[in-house]
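What follows is calculated from the coordinates using simple rules that are stated; it is not laboratory data. Note that this is a predicted model, so its numbers are computed, not measured. FYI the Cβ positions are ideal-geometry reconstructions off the backbone, even for glycines, and counts take in every protein chain you see.
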Ligand code: GUN
């Protein structure tokens with residue numbers, strides 16, 4: 001069994017990003033990411049803080065807007081529009097989930113697709129589905145980079161994806177399909193998940209349910225990508241896969257922590273850098 005070590009791959013990509021941001025800065029461009037956090041949900045706060053710290057390490061400027069839970073859509077949209085219009089901002093990210101009184105779709109659609117480094121705007125989601133150049137959501141992008149780094153070609157493979165969110169499952173299914181894999185996407189209404197996972201060469205799971213995938217659910221030699229993250233009562237951080245038993249049967253497996261998580265953060269920074277480079281080439285035209 002080989003560990004798919006996202007932490008170490010993310011660290012090496014980070015070194016490359018630092019070189020690239022340095023070059024851009026010498027040419028007068030400071031890559032800049034705006035991060036909007038609404039409320040005080042502990043998991044969202046933790047993710048946002050990790051993103052801010054990663055920006056700091058990489059020389060990416062971060063404009064963090066931490067807003068009160070009660071903020072309305074009517075107040076939030078003009079803030080996004082202001083960031084859209086600001087030539088110094090390369091990427092805009094609104095941390096999800098948003099509270100129920102805010103319409104997430106309207107907020108995501110308010111972001112300029114050219115600054116949508118999370119890839120959640122329908123413009124980018126559609127292009128990702130169609131296999132056209134787009135900002136691709138960070139988690140699926142990170143999963144694909146990790147598999148590629150370990151020489152895993154998904155073409156012709158059977159892939160079971162557990163979780164059908166717009167953030168992870170659906171864009172991951174698009175990327176895998178476009179790369180030639182055969183995909184089953186399982187979700188909350190799927191009757192018997194193991195009928196899909198047992199026939200899969202690659203199992204990707206991200207639903208937030210510790211221990212969902214046990215050894216009996218995968219075939220010998222399967223590749224297992226754990227996108228879940230759960231805090232147990234004893235404080236331990238685990239994924240959705242029972243690592244101890246599944247790692248004995250899998251050929252490759254991601255650890256949690258240290259697998260997909262660091263790849264998500266670094267992929268977001270890669271997207272921000274792509275946007276900053278586009279700003280530079282736009283500036284050069286005039
Ligand atoms: N919530 C969970 N994952 C993500 C993500 O990748 N981006 C944003 N904006 N919110 C999230």
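Could you work out how far helix 169-178 tilts from the main Cα principal axis of the chain, as a 0 to 90 degree angle to the nearest 10? The angle comes out near 80 degrees. When the Cα gyration tensor is reduced to axis lengths a ≥ b ≥ c, the ratio a/c is 1.5 or higher for the chain, and with a/b above b/c it is classed as prolate. In this label model, residue 245 and residue 281 are separated by 5.1 nm, measuring between points 7 Å along each Cα→Cβ vector. The long axis of helix 6-26 is offset from the longest Cα principal axis of the chain by roughly 20 degrees. Can you classify segment 33-113 as rounded, prolate or oblate using the Cα gyration tensor, where a ≥ b ≥ c are the square roots of its eigenvalues, rounded means a/c under 1.5, and otherwise it's prolate if a/b beats b/c and oblate if not? Taking the square roots of the gyration eigenvalues as a ≥ b ≥ c, segment 33-113 is oblate. Note on 249, 191: ascending count of other Cβ atoms within 10 Å places them as 191, 249, the fewest first. Size descriptors for segment 1-55, from the alpha-carbon set: Rg then Dmax equal 15.0, 46 Å. If R0 is taken as 30 Å, the Cβ-Cβ distance between residue 86 and residue 19 corresponds to a FRET efficiency of 0.70.
Computed from Cα positions, the angle between helix 138-149 and the longest principal axis of the chain comes to roughly 60 degrees.
Each residue in 188, 71, 266 was given a count of other beta-carbon atoms within 10 angstrom of its own, and listing them fewest first yields 188, 71, 266.
Take the Cα of residue 234, step 7 Å toward its Cβ, do the same at residue 153, and the gap between the two points is 4.3 nm.
Counting every other Cβ atom within 10 Å of each residue's Cβ, 60, 38, 48, 260 order from fewest to most as 48, 38, 60, 260. Using R0 = 30 Å, the C-beta based FRET efficiency linking residue 77 and residue 274 works out to 0.75. Calculated [222 nm] ellipticity per residue, helices only, for the chain: -14000 deg cm²/dmol; basis is -39500 (n - 2.57) per DSSP H run with n ≥ 4, divided by all residues, nearest 500.
How would segment 213-266 be classified by its alpha-carbon gyration tensor: rounded, prolate or oblate, with rounded meaning a/c under 1.5 and the a/b versus b/c comparison settling the rest? Judged from the Cα gyration tensor, segment 213-266 comes out oblate (a/c at least 1.5, b/c at or above a/b). Computed from label points 7 Å out along Cα-Cβ, the spacing between residue 103 and residue 50 is 3.2 nm.
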